[in-house]
Structure formats: structure tokens, C-alpha cells
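Here is the structure we will look at.
The values are calculated or read from the model by the stated rules, or taken from the named source; none is laboratory data. Treat the numbers as computed from the prediction; the structure is a model and nothing was measured. A quick note on method: Cβ atoms are made from the backbone with ideal geometry, for glycine too, and the neighbour counts reach across all protein chains shown. Just the protein is used for accessible areas: all its heavy atoms, side chains included, with ligands, DNA and RNA removed. Shrake-Rupley method; radii C 1.70, N 1.55, O 1.52, S 1.80 Å.
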Amino acid sequence: MIRPGGTVACRAVATGAVIVAALAACRVGPNYHAPALPSGAEAPLVSLNAQVEAPAPPPDAWWRLYNDPRLDGLVEEALNANRTLAAADANFAAARAVLSAVHANRYPSTAAFAGGLYGRDAVTDEILELGGHPPQTIWLYEDILQSAYEVDLFGRVHRAIEVANANADSVAAARDSVRVVVAAETAHAYAEICALSQELDVAHHSLDVVSHEAEITVQRHDAGANSAYDVARAQALVAQVRSSIPELEGQRRATLFELTAVLGRTPAEAPTDLDACVTPPRLVALIPVGDGSALIRRRPDVRQAERRLAAATAEIGVATADLYPTIRLVGLYGGAASELSQLNNNIGRTWGVGPSISWSFPNMAAPRARVRQAKAAQAAALASFDSVVLTALKETEQALALYSAALDNRQSLGDAQDKVHSAFGMAHDQFLAGSLSNLDLLTTEQSLVAIDAAVAASDAALVQDQIAVFKALGGGWRSESQSPR
């Protein structure tokens with residue numbers, strides 16, 4: 001795993017002219033190695049249901065498994081227009097800019113100075129006095145190009161580049177996590193809109209059924225076969241079923257606005273063509289889920305935690321390098337004179353080159369404290385990595401378990417629906433024949449309304465559980481250009 005900080009990793013080299021290059025290759029602090037995974041993390045997923053799930057890895061564009069062109073279009077639009085994702089892209093661009101700036105420290109820094117100053121200069125006054133002249137108030141002009149190069153003797157610059165590079169990778173992984181969420185939220189909202197449309201159709205059909213039965217009850221009452229109490233109960237069931245429709249319509253409209261926001265649109269620009277979707281999207285094949293090892297490689301949050309650990313490890317090297325001297329080679333060239341005409345001739349020419357050494361010795365308390373801080377941050381990053389891996393495995397197993405339970409629930413509800421519909425048909429015929437009481441018919445109607453609503457709700461929950469599985473698997477963050485061929 002990761003060796004403790006404070007060591008110096010230097011390449012073995014021959015003596016002679018390569019000593020300077022060897023010194024430049026010395027780097028204090030630990031070299032990063034990928035951490036070991038928690039025990040059992042790479043094992044097959046325990047909640048895999050072979051009847052509906054396959055061990056093959058899921059595709060990047062998992063939403064295409066539904067074979068729904070409208071869903072495909074909405075997800076692609078969201079990945080291109082979502083504002084949270086746009087902010088994540090900007091954060092990644094900023095991280096890349098920071099990396100470029102840190103890379104620049106590998107090369108000499110340069111600075112140009114030019115200006116004039118009216119007054120007296122102590123050095124000039126001393127020279128005048130040596131020549132027997134009184135001090136003078138004069139113009140002093142200068143134009144100087146200065147350059148400095150840090151000899152990366154202990155790897156401070158190299159470790160800083162490692163930090164910036166790992167941080168940029170971490171930000172890229174955070175952006176990919178946003179892509180996963182955007183794709184899942186788009187599919188979730190679309191599926192919920194379609195499922196609510198189905199529930200509305202079921203509610204309207206149930207309203208038609210109970211309304212028809214209520215009319216028959218009224219007619220039988222007018223003929224003297226039923227009591228007013230029977231009519232009141234039948235009409236109450238009609239009102240109860242009718243009351244469920246406005247709530248479903250409100251939920252559907254609210255979900256439409258949720259989808260609109262994910263698409264990066266204002267409510268006034270909400271999609272108007274989704275009324276045609278009256279059934280939630282359905283999978284026509286097994287869900288490919290892969291195994292634990294592939295899951296860990298695929299999930300962006302795991303990659304983000306790993307890159308943060310790499311950055312924290314490199315930070316130890318940066319802090320450790322502060323325990324040693326910082327050596328720079330400094331040079332300057334230009335002119336300094338009391339007349340502008342002398343700046344470019346031998347009279348005013350100035351230049352110099354030499355080393356510069358800075359060191360916080362002998363008070364090393366602050367640098368050593370920063371090393372301890374960096375090591376503690378690395379330990380925290382390692383613990384966080386393990387936590388993220390465990391969370392990824394937990395979320396995937398939970399999603400698979402809930403999906404499997406939803407499938408069993410839907411199967412049971414389907415069997416019950418068939419029986420309730422059969423019972424209602426028999427009850428209706430017997431009621432018309434006068435061999436069944438109005439109460440028994442009403443009870444059967446209530447069962448019919450309840451089971452149809454439960455089946456529609458189960459269909460909605462089933463597709464949402466499927467989407468939760470794909471989200472937990474970490475798919476959807478790669479663009480077409482990133483997908484493996």
C-alpha cells in the first residue's frame with residue numbers, strides 16, 4: 001500500500017557528471033500506490049437474481065436498453081444542457097488551469113522591470129563622495145530582465161505537480177458523478193411521468209366501472225329492488241375514486257417541471273409531447289450488472305476518493321520538502337543609469353547570476369507540523385476511500401435487493417388482479433340476476449379499484465427500482481467519445 005512519508009526516493013546513478021541530474025531526481029515523501037480494497041469487495045454481487053439480471057457489465061448508455069427513442073433524446077439533451085453539469089464542466093476546466101500553472105514551475109520564471117525614480121540613491125551618493133563630489137538629486141532609470149529557476153533538489157515541484165494532477169482527476173470524477181445523477185434523474189422523471197399517465201388511465205377506467213355500477217344500483221332502486229342506503233354507498237365509491245384523479249394529475253405536472261429543470265429549461269419551456277407516453281418504459285432483456293471489481297472501477301465516486309488519496313499522499317512530499325533548503329538559480333540582465341541614453345551601453349549595463357538559498361532552519365516546528373498534518377490528511381483520505389467503496393457496494397446490493405422484491409411483488413399483484421377481475425365479472429352477473437347482494441358487489445368493486453391501482457403503482461415502482469440499479473452501478477458518465485470501442 002502506501003509507504004509512510006519522510007523517506008527520500010532517489011534513483012541509483014553513476015558518479016561524475018550525472019550527479020546534478022541525480023540530485024534533481026531525488027524526491028522526499030512517499031510514492032503513491034493504489035490502496036488495497038476491503039476484503040470481499042471484488043467478489044460477485046450477492047443479490048444477483050439470475051432470472052432477471054446478467055453478470056455482464058452494463059453499457060455506458062444504459063437507458064438505451066429500454067428501446068425508447070424519446071427517453072434517449074431527453075437524456076442526451078440533459079447531458080448537454082443541464083446547468084449543474086455545466087458548472088461541473090467549468091470546475092474541471094478550472095482544475096486543468098491550476099494544473100497548467102503548477103506545471104509552469106518546472107521552468108524558469110521570468111520578470112521584466114522598467115521605470116524611473118527621481119531622488120537620491122545611497123549607493124550613488126557614496127560613489128560621488130569618494131570622487132570628492134557632493135550628493136545630488138537625480139533621475140535613476142532601469143530596465144532589467146530577471147529570471148529564476150528552482151532546482152527541484154528534494155522534489156517539491158514534482159510533488160506539487162502530482163497534487164495538482166490528482167486534484168484535476170478528482171474534479172473530473174466529480175463531474176462524471178454529476179453525469180450519472182443527471183442521466184438517472186432524467187430517466188426517473190420521464191418514467192414517473194409515463195407511470196402517472198398509466199395510473200390516471202387506470203383511475204379513469206375505475207371511475208367508469210364504478211359509475212356504471214352506481215347507475216345500475218340507482219335503476220334498481222327506482223324499480224324498488226334496492227334501498228336508498230345502497231345507492232348512497234355506490235355513489236360514495238364513485239366520489240372516492242374520482243377524488244384520486246386530481247392528485248395524480250398534480251403529481252404528473254409537478255414531475256414534468258422536475259424534468260424541465262433537469263433539461264436546463266424554464267417551466268414555460270416544459271416538454272409538451274409527453275402526453276403520448278401512457279406506460280412506463282420496460283426492459284426487454286436481463287439487467288447487466290457485472291461484478292464488484294467492475295463496479296469499483298466504474299463508479300466515479302470511488303475514482304474521486306482514490307484520486308483524493310493520491311493527492312493527499314503527494315501533499316506529504318510537498319510538506320516534507322519544506323524541511324530542506326530551497327535552492328534557486330537567479331540571473332538578471334539590463335541597465336541602470338541616471339540618463340536614458342546610458343541604459344543600453346556599457347556605462348549603464350548591469351547583470352548578474354548566482355544561487356539563492358532559503359531555509360526555515362533552525363526553527364523547524366512549523367514545517368514539521370505541516371508534515372504531521374499532511375500525514376493525518378492522508379490517513380483520513382484512505383479511510384474515506386474505504387468508506388466510499390463500502391457505500392458503493394451497499395447501494396448496489398440494496399438496489400438489487402429492492403428490485404428483486406419489486407419483481408416478486410409485481411408478479412403476486414398480477415396474479416391477484418386476474419382473480420379479482422374474474423370475481424368482479426361473476427359478481428356483476430350474479431347481481432343482475434338478483435342472487436348477489438349490493439354489499440357484496442360493492443365490496444368486489446372496491447377490491448377491483450384497489451388492485452388495479454396497486455398494479456399501476458407497482459409498475460411505476462418497478463421501473464424506478466430498475467433506474468436505481470443502473471444509478472448504483474455507476475453507468476452513464478461516459479460520453480460517446482469516451483466509450484470503449
Which one is nearest to ALA187 (Cα to Cα), of the residues in region 457-478 that are part of a helix (DSSP H, G or I) and of a type in the set (Gly, Ala, Ser)? ALA468
Report yes if some residue within region 136-156 is surrounded by fewer than 13 Cβ atoms within 10 Å (Cβ to Cβ) and free of Cβ contacts under 8 Å to residues at least 12 places away in the same chain; otherwise report no. no
Residue check, ILE467 in contact (Cβ under 8 Å) with a residue 24 or more places away in the chain and either in contact with a Ser or Thr (Cβ under 6 Å, 6 or more places away or on another chain) or closer than 30 Å to ASP176 by Cα (or both): yes
Check region 470-477 and report whether any residue there is on the phi > 0 side of the Ramachandran plot and at pLDDT below 90. yes
Do we have any residue at all in region 40-51 that's under 28 Å from ALA310 (Cα atoms), modelled with pLDDT of 50 or more and among the polar types (S, T, N, Q)? no
Filter the helices (runs of 4 or more DSSP H) completely within region 228-346 down to those with at least 2 residues that are in contact with a helix residue (DSSP H, G or I) (Cβ under 6 Å, 6 or more places away or on another chain) and surrounded by fewer than 18 Cβ atoms within 10 Å (Cβ to Cβ). 228-262
Cβ-Cβ distance below 7 Å, separation of 6 or more or different chains: which pairs start in region 101-113 with a residue that is open to solvent by less than 60 Å² (accessible area, probe 1.4 Å) and end on one that is among the polar types (S, T, N, Q)? ALA111/GLN146
Here's a check for you: in region 53-69, which residue that is charged (D, E, K, R) and either open to solvent by less than 40 Å² (accessible area, probe 1.4 Å) or touching a Lys or Arg at 6+ places or on another chain (Cβ under 6 Å) (or both) is nearest to GLY292 (Cα to Cα)? GLU53
Residues of region 326-354 being under 18 Å from SER109 (Cβ atoms) and not aromatic (Phe, Trp, Tyr), in sequence order, are THR326, ILE327, ARG328, LEU329, VAL330, GLY331, LEU332, GLY334, GLY352, VAL353, GLY354
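Residues checked against (1) within 30 Å of ASN67 (Cα to Cα); (2) of a type in the set (Ser, Thr, Tyr); (3) at pLDDT below 95:
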{"residue": "ASP208", "(1), (2), (3)": "no, no, yes"}
{"residue": "ALA214", "(1), (2), (3)": "no, no, yes"}
{"residue": "SER227", "(1), (2), (3)": "no, yes, yes"}
{"residue": "PRO246", "(1), (2), (3)": "no, no, no"}
{"residue": "ASP273", "(1), (2), (3)": "yes, no, yes"}
Regarding region 78-87, can at least one residue be identified that is among the charged types (D, E, K, R) and at pLDDT 95 or above? yes
Of the candidates ALA427, ALA401, the one satisfying the condition of being modelled with pLDDT of 90 or more, part of a helix (DSSP H, G or I) and among the small types (Gly, Ala, Ser) is ALA401
Any residue at all in region 182-205 that's of a type in the set (A, V, I, L, M), within 27 Å of the chain's Cα centre (by Cα), within 30 Å of ASP60 (Cβ to Cβ) and open to solvent by 30 Å² or more (accessible area, probe 1.4 Å)? no
Go through region 420-440 and report how many residues are open to solvent by 70 Å² or more (accessible area, probe 1.4 Å) and closer than 16 Å to SER458 by Cβ. 1
Given the condition closer than 30 Å to VAL151 by Cα, open to solvent by less than 50 Å² (accessible area, probe 1.4 Å), modelled with pLDDT under 95 and small (Gly, Ala, Ser), answer yes or no: does some residue in region 115-127 qualify? no
